[in-house]
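Novice: Please find one structure pasted underneath; my questions will follow.
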2 protein chains.
Amino acid sequence: MKRSNAQRLRDALEDDIINGRRAPGERLDADALCHEFGVSRTPVREAVQQLVASGLVTVSPKKGTFVARIGIDELIEMFEVMAELEGMCGRLAARRIDQAELEVLRQAHERCEVAARAGDSDDYYYENEAFHDCIYLASHNGFLAGEARQLKQRLKPYRRLQLQVRQRLMSSLEEHRDIVAAIESGDAAGAEQALREHVLIQGERFSDFVSSVRRFGLGREAMDGGEASR
Amino acid sequence: MKRSNAQRLRDALEDDIINGRRAPGERLDADALCHEFGVSRTPVREAVQQLVASGLVTVSPKKGTFVARIGIDELIEMFEVMAELEGMCGRLAARRIDQAELEVLRQAHERCEVAARAGDSDDYYYENEAFHDCIYLASHNGFLAGEARQLKQRLKPYRRLQLQVRQRLMSSLEEHRDIVAAIESGDAAGAEQALREHVLIQGERFSDFVSSVRRFGLGREAMDGGEASR
DNA sequence: ATAGACCTATTGGTATGCCAGTGTCAATTT
DNA sequence: AAATTGACACTGGCATACCAATAGGTCTAT
């Protein structure tokens, strides 16, 4: 399968954004990209449109295109949904996982454990991804898995903040243990709860709080510039 | 705000697909669309790409673009996710709804009741949309609301099947009553459960069953043609 | 009759030029 | 000095032309 220039460009930009090489708010100059990749404006335009559709970049009409800058409020909302999707995956996985998948999940968990004990944060990050992906697969709902992966991608630029917290690595691992145990024993509600809180860290109380606070008009980023979308 | 040709084209096609004027599997001839709308290939291409991104159409390389034909298995998966999103909206709404929103919800429910008693199926369909949208709003999670609306759109071409069932209208109304009651009383778990089952009708048992059946290789639509995507 | 080798219309992808609307900045005016 | 105006460059959107790849059919030979 040969990939078009637009696709390669999209992937390259996506990768740059996700891995922080292009920071939120950074400008994406169309002409510069044309020159950089040696292509015309058409594929660049196409790639940008796809990235807009996936939420990674935004265009401010007549001002240019920028790496999406997500406000703290929307970020919380997205994490809330992410937690729900992960929880749903866990609930379904607890009911639907088969022996082979369970074995793969256990192995993924073990690799997480190895990485955690070694203190290798990058490695853990990667194995953690694989671990969660196992659960997506085990949900036996491909659409759900796709949505979860997509949202996770979109959140990736911001998750590094969350994951650099000291000791988070070890507590994350402990939570994984509970998750595996719940899935193993077919405890759907337990797996759902464990995964939801695993993602949300503190559960929904925090966002409840923020939500109620914002309703009193204390939002401090109302002037942050009109991030145009849809 | 002036809308571009590509946007108008996208909206027109989207509307056609959602309202069944273009059936799943139908071919979308690019040149015909160019002529029909009096534009060149560029905006047509753009519109098609956006529709692909939103899942309403698919392109089979070198064979053409078609209105997305969703298999029964994927359809079930999508409904499963839809139910979860609706349930989540209900759970959050039960905790976060304010007086004004509650009043709007009650009024929406009453309009549903009027439509139902009049036996006006189309009218009920519309008011039902509004009712659910109230709950989306009341979740105080704009991102969640957007995702829910988007998925609902995508499912719209197939929901007419589900809604034409005789007597479904009245039982739907009864379920609405329970939902309103749960939200009114702040019963988060109750609202979540009620909404989830409202969407799923029979709960997840059915899809569990299908999921397990499919694992035994009894899927009868394996030959349904390679629906290419991403 | 069937397998295999061309042939061609269609599709996908890209380059390029043009035009209109608008943000930006500077010059001019009061 | 502040404000108004005006020019210009930039951006977005569209049309058009060109090229490459291939699906699908046709033709040929065994």
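Novice: May I ask you to sort A:Lys156, A:Lys2 by Cβ crowding, counting other Cβ atoms within 10 Å and putting the fewest first?
Specialist: Result, fewest neighbours first: A:Lys2, A:Lys156.
Novice: Hey, fewest Cβ within 10 Å first, where do A:His109, B:His176 land in order?
Specialist: A:His109, B:His176
Novice: Shielding by partners for B:146-152, please: the mean number of other protein chain Cβ atoms within 10 Å of each residue's Cβ.
Specialist: 2
Novice: Taking θ = phi - 60°, what integer Hz values does the Karplus form 6.51 cos²θ - 1.76 cosθ + 1.60 yield along segment A:24-39, in sequence order, with x for Gly and Pro?
Specialist: x, x, 5, 7, 10, 7, 4, 4, 4, 5, 4, 5, 4, 9, x, 10
Novice: Another question, then. Report the Cα centroid-to-centroid distance between segment B:1-68 and segment A:66-89 in angstrom, as an integer.
Specialist: 30 Å
Novice: So, one more: Counting only other chains, and only Cβ atoms inside 10 Å, what mean value do you get across the residues of A:81-91?
Specialist: Shielding by partners across A:81-91 averages 3.
Novice: Let me test this: with uniform point scatterers at the alpha carbons of segment B:72-211, what is the Debye-based log₁₀ I(q)/I(0) at q = 0.13 1/Å?
Specialist: Values, matching the q order: -0.52.
Novice: Check cross-link reach from B:Lys152 to the lysines: straight Cα distance under 23 Å, and skip same-chain residues fewer than eight apart.
Specialist: Straight-distance partners of B:Lys152: A:Lys152.
Novice: Kindly give the distances from B:Glu74 to its copy-mates, label point to label point, with each label point 7 Å from Cα along Cα→Cβ, as nm values to one decimal ordered shortest first.
Specialist: Label-point separations across copies, in nm and ascending: 2.7.
Novice: Still on this structure, please answer the following. Local charge sum around B:Glu46 (other residues, Cβ-Cβ under 12 Å, Lys/Arg +1, Asp/Glu -1)?
Specialist: Within the 12 Å Cβ shell, the charges total +4.
Novice: Taking each label point as 7 Å beyond Cα in the direction of the beta carbon, state the distances from A:Gly20 to the same residue in the other copies, shortest first, in nm.
Specialist: 5.2
Novice: Sorted from fewest to most neighbouring beta carbons within 10 Å, what does the list A:His198, A:His35, B:His140 look like?
Specialist: A:His35, A:His198, B:His140
Novice: Which distances, in nm and shortest first, link the B:Ser185 label point to the same label point in every other copy, taking 7 Å along Cα→Cβ?
Specialist: Result for B:Ser185, in nm, nearest copy first: 3.1.
Novice: Another question, if that's okay. Grab the residue from chain B whose Cβ hugs the B-to-A rotation axis most tightly, plus its distance in whole angstrom.
Specialist: That would be B:Ala53, 2, residue then distance in Å.
Novice: Taking beta carbons within 10 Å but only from partner chains, what does the mean come to for residues B:49-55?
Specialist: Average neighbour count from other chains, rounded to a whole number: 3.
Novice: Counting each pair of different Cα atoms once, what's the Kirkwood radius of segment A:5-67 in Å, rounded to one decimal?
Specialist: The answer is 11.4 Å.
Novice: Using a cut-off of 10 Å between beta-carbons, work out the net charge of the residues near B:Ala116 (Lys and Arg +1, Asp and Glu -1, B:Ala116 not included).
Specialist: Surrounding charge for B:Ala116 is -3.
Since every read-out is calculated from the coordinates, none of them should be taken as a lab result. Everything numeric in this text was worked out from a predicted model, so none of it was measured. Neighbour counts are summed over all protein chains in view; Cβ atoms, including those assigned to glycine, are modelled from backbone coordinates with ideal geometry.
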